[in-house]
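Written out below as structure tokens is the structure these notes cover.
The values are calculated or read from the model by the stated rules, or taken from the named source; none is laboratory data. The structure presented is a predicted model; accordingly, all values stated were derived computationally and were not measured. Here the Cβ is made from the backbone with ideal geometry for all residues, glycine too, and neighbour counts use every protein chain on show.
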């Protein structure tokens, strides 16, 4: 019964704190803001861009502007305004030819814009300039000059639209029959894809960015909880050790009871926080589902929520044991950070790999890495959230991680037994290994 007393003590100590309530409410809001705010700001903060076109080919600029004026997405979402320069400057055309002939062959990226255009961009009179050379059909080379070229949507639109115009014109030159030309125009129309995620429960329409964003959001949440509660256990043990509270507790109970009680008590507090997030999320979704993107709603399946809880429990106990070993082995926060840094990397590395999983969740390297116990809680969960693997793989990863966690708990209890009563000096790794040999 003593271990239950310790569990209750640790649980109440965490749950009754105001910081627990505040973090329960603010953590998901802050993380969601961190993930979604840049996208919202990108859309809301977009201002109209004025881009001029200097076309020496003689046929692209007119079609390009007509196409852009008809495109609602360009006017409403991208807010692009394209205007042509009626009098194309032959001096600029000569510069392009010199650049293509000499500079590109020397692997030099320095391109000298004619001062008039350069000053227009620098003085914010225009946002960019598209230069189209005479021989664009042959080289398929165009030049976009701007003070900011990091707007991927604008770059993508310019490239795809000019590509379409070039392809259409090349075909029309070869085919003189008006009916066939009409067929060519139909043949070169843009494709508008509808994307569907295939799952066991059904096939759901979605947008390409939703699975990526939501997977990263869930991974970040999992990573943050495991890291936060692991650090909490480590600092709590150091505090009790320095205040000699641990000695009082050990005088009335066994060290392994104290060790397991602290981990289980704080773990239950973490599980309580996760349960509250699920309940609050369920209430919010049921009440405001009509305002939430259906792609987001389809992402949060009951199966995914269950796996999130399972891998949180596995990850928490695995890393809390490691952090508690550090707490018992050292005497100050400074010493603790030295030992805790490698443990943090064991969480950060799979977190980084997890971001890559969104593109290729079933490559052999990713699959093998997801079975490595210390990486399993984050990597296997990430694979499940992107493209669910076979149940056999999931079951094997859970089993191997559980066995590894049990081994760590046994090892941790032996180290904790000696380390919690050691004061004065920071033990070496060799000494810590010796502690595991004591009976």
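Testing residue 201 on (1) under 27 Å from residue 314 (Cα atoms); (2) surrounded by 14 or more Cβ atoms within 10 Å (Cβ to Cβ); (3) over 24 Å from the mean Cα position of the chain (by Cα); (4) modelled with pLDDT under 70, one condition comes back false. Which one is that?
Checking residue 201 against (1) under 27 Å from residue 314 (Cα atoms); (2) surrounded by 14 or more Cβ atoms within 10 Å (Cβ to Cβ); (3) over 24 Å from the mean Cα position of the chain (by Cα); (4) modelled with pLDDT under 70, the one that fails is (2).
Can you say whether residue 62 is surrounded by 12 or more Cβ atoms within 10 Å (Cβ to Cβ) and at pLDDT 80 or above, as far as the supplied structure shows?
Yes: the conditions hold for residue 62.
If you go through region 142-179 one residue at a time, how many are surrounded by 14 or more Cβ atoms within 10 Å (Cβ to Cβ) and assigned to a loop (DSSP other than H, G, I, E, B)?
2
Can you tell me how many residues in region 106-121 are surrounded by 10 or more Cβ atoms within 10 Å (Cβ to Cβ) and either assigned to a helix (DSSP H, G or I) or modelled with pLDDT of 85 or more (or both)?
6
Quick check: is even one residue across region 34-48 modelled with pLDDT of 75 or more and either over 30 Å from residue 65 (Cα atoms) or not in a helix (DSSP H, G or I) (or both)?
Yes, that holds for at least one residue.
Is one or more of the residues making up region 379-387 assigned to a loop (DSSP other than H, G, I, E, B), surrounded by 13 or more Cβ atoms within 10 Å (Cβ to Cβ) and more than 25 Å from the chain's Cα centre (by Cα)?
There is no residue in region 379-387 that is assigned to a loop (DSSP other than H, G, I, E, B), surrounded by 13 or more Cβ atoms within 10 Å (Cβ to Cβ) and more than 25 Å from the chain's Cα centre (by Cα).
Results for (1) under 21 Å from residue 339 (Cβ atoms); (2) without any contact (Cβ under 8 Å) to a residue 12 or more places away in the chain; (3) in contact with a helix residue (DSSP H, G or I) (Cβ under 9 Å, 6 or more places away or on another chain), shown as yes or no for each residue.
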| site | (1), (2), (3) |
| --- | --- |
| 357 | no, no, yes |
| 360 | no, yes, yes |
| 373 | yes, no, yes |
| 392 | no, yes, no |
| 405 | yes, no, yes |
| 427 | yes, no, yes |
| 432 | yes, no, yes |
| 436 | yes, no, yes |
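Would you be able to say whether some residue in region 75-87 is surrounded by 12 or more Cβ atoms within 10 Å (Cβ to Cβ), out of contact with any strand residue (DSSP E or B) (no Cβ under 6 Å at 6 or more places or on another chain) and at pLDDT 75 or above?
Yes, because at least one residue in region 75-87 is surrounded by 12 or more Cβ atoms within 10 Å (Cβ to Cβ), out of contact with any strand residue (DSSP E or B) (no Cβ under 6 Å at 6 or more places or on another chain) and at pLDDT 75 or above.
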